[in-house]
Amino acid sequence: MYYKAIADINFEYTAIFTGGFKSISTIKDIQNDIAKKASKKSQVNNVSIVELITARSKLELLEKSERF
């Protein structure tokens, strides 16, 4: 499973995050993955997903992303 998300971090800024999992995951898994990636820049207390696109393959994700 792959995802592309616009997320608000700590109510301070929004950013685009992409990632993938070996199996189907939950929203909580995606939030945790985003928090891990965002914590490389600063401490993360809150992650709010604004928009989320999920897909079974990278190609499908690319096709879905182009529509928006």
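The values are calculated or read from the model by the stated rules, or taken from the named source; none is laboratory data. In this text the structure is predicted, and so the values were computed from the model without any measurement. A quick note on method: Cβ atoms are made from the backbone with ideal geometry, for glycine too, and the neighbour counts reach across all protein chains shown. The protein model used for the area step is the full one, side chains on, heavy atoms only, and it has no ligands, DNA or RNA in it. Shrake-Rupley method; radii C 1.70, N 1.55, O 1.52, S 1.80 Å.
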| So which residues in the range 15-34 are within 11 Å of the chain's Cα centre (by Cα) and either open to solvent by less than 30 Å² (accessible area, probe 1.4 Å) or closer than 13 Å to L52 by Cβ (or both), if there are any at all? | A15, I16, F17, T18, G19, I27, K28, D29, I30, Q31, D33, I34
| request: Only residues in the range 32-43 that are farther than 13 Å from I16 by Cβ and touching a residue at least 12 places away in the same chain (Cβ under 8 Å) count as the first member; pair them with residues that are open to solvent by less than 70 Å² (accessible area, probe 1.4 Å) and not in a helix (DSSP H, G or I), Cβ under 7 angstrom, at least 6 apart or cross-chain, and list the lot. | output: D33/G19; A35/V44; A35/V47
| remark: Within the range 35-61, the count of residues that are within 14 Å of E12 (Cβ to Cβ) and open to solvent by less than 50 Å² (accessible area, probe 1.4 Å) comes to 7
| message | Show the residue pairs meeting these rules: Cβ distance below 7 Å; 6+ apart or different chains; first residue within the range 3-21 and touching a residue at least 60 places away in the same chain (Cβ under 8 Å); second residue hydroxyl-bearing (S, T, Y) and open to solvent by 30 Å² or more (accessible area, probe 1.4 Å). | response | K4/T18
